[in-house]
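Report on the following structure.
Any read-out appearing in this document is the output of simple, stated calculations on the displayed coordinates, not a laboratory observation. Computed from a predicted model, the values in this text were never measured in an experiment. So basically every Cβ, Gly included, is an ideal-geometry build from the backbone, and we count neighbours across all protein chains shown.
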Amino acid sequence: MERQEELLLQKRWMDLSRMANRKGLVLFSNFLNLNELNLFHQVSSDMETPYRLSGGYEFAERQMIAFIPDALSYAYTNEPEHTPLDFPIACLHFQPRNSKFAEKLTHRDVLGACMHLGVERSRIGDIRLDEQNYYIFCEEGISEYFLESLTQIRHTMITGGQTEPKNLQWKQTFEHLSGIVASVRLDTIVAFLLKKSRGQGALLIQSQKVFINDRAISSKSYECKPGDVISIRGFGKYIFVGSDGETRKGRIKISLKKYK
C-alpha cells in the first residue's frame, strides 16, 4: 500500500470519529485487514472518540471499527457493565445443495465467488470453512444480495441462509506446540515457529510481516508475553501461551497454540 493511500485511510477514520461525535451516533468502518488494523492503531490515540473492534465472532482476523460518541461512551466502553454493541455484521451459512456431488472448496474458491459478484473486499469479513459448511461474515447491507446471488461456487451448487455466530457448527481449534529456545525474543519465536534461522525471522519482522495483537512489530528484540497473538503473513496465526521454566543449560521451555 502506497503511503498516500495509508494517509487517506487514516484521515477517513479520523473523519468518522469526528462525525460520530457531531451526530451523537455510533459509526462503523468497513472491514480492516491486518495491515489496516496496524495503521489504525498507529493513530488510534488521535481519535476524537472511544472505539471498539469486532469481526462478528471471537478470534476474527478482519474487523470493523465502531466509533462511539462521547455521549454514549460510558455505556458502550466500560467493562463489565457496558451495553452490548451491535455491529452491522451478518453471518451467512452456505452448504452444497447435494453433498454427494460437492467439490472440496477452499477459502480462495469462496472468496473468488464473492468477488465475482462485484462486491468490494472491504465489505467482506472472515470466511470460515468446515467440511461442507461455508461461513461468510459480511456487512449487513449486502447480506440479502449474497443470499440471492451466491448460488454456485466452482461447479458446486449451494444454498444459504443467515445465522447467528453462536450457532456456528465449527469451533476454533488449535494445534499445541512446545519447544526449547534461547529466549522469548520475537525473532527467536518466529524462527522456532517457521523452522528458520533467527536471521530469517528478523528479516520477516523488518519486512513488517509479523504482527502482535494486530500491530506490526518492527523490533526483533520484542519479548513475547503470555496471551500475545502472533500473526505471520503467509504462514499462520499463533497464541504465545508462555514459558514453562528452564532447562539445566538455561534455555527456555515455551508453549504456543497454532490456529487451525
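Numerical summary
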quantity: Contact order relative to length of region 174-260, as percent, for alpha carbon pairs under 8 angstrom and 6 or more apart; calculated: 34 percent
quantity: Qualifying trypsin sites (Lys or Arg not before Pro) in region 169-250, DSSP loop, other Cβ atoms within 10 Å at most 11; calculated: 171, 195, 248, 249
quantity: Whole-number percent relative contact order across region 89-167, with pairs defined as alpha carbons under 8 Å at least 6 apart; calculated: 50 percent
quantity: Sorted by Cβ neighbour density within 10 Å, fewest at the top, the residues 212, 89; calculated: 212, 89
quantity: Answer label for Rg and Dmax of the Cα atoms in Å (calculated), chosen among (1) 18.2, 62; (2) 20.6, 63; (3) 19.2, 59; calculated: (2)
quantity: Relative contact order [Cα under 8 Å, 6+ residues apart], the chain, whole percent; calculated: 15 percent
quantity: Rounded Å value of the spacing that divides the Cα centres of region 7-39 and region 177-243; calculated: 29 Å
quantity: Proxy reagent accessibility, fewest Cβ within 10 Å first, across 186, 16, 53; calculated: 53, 16, 186
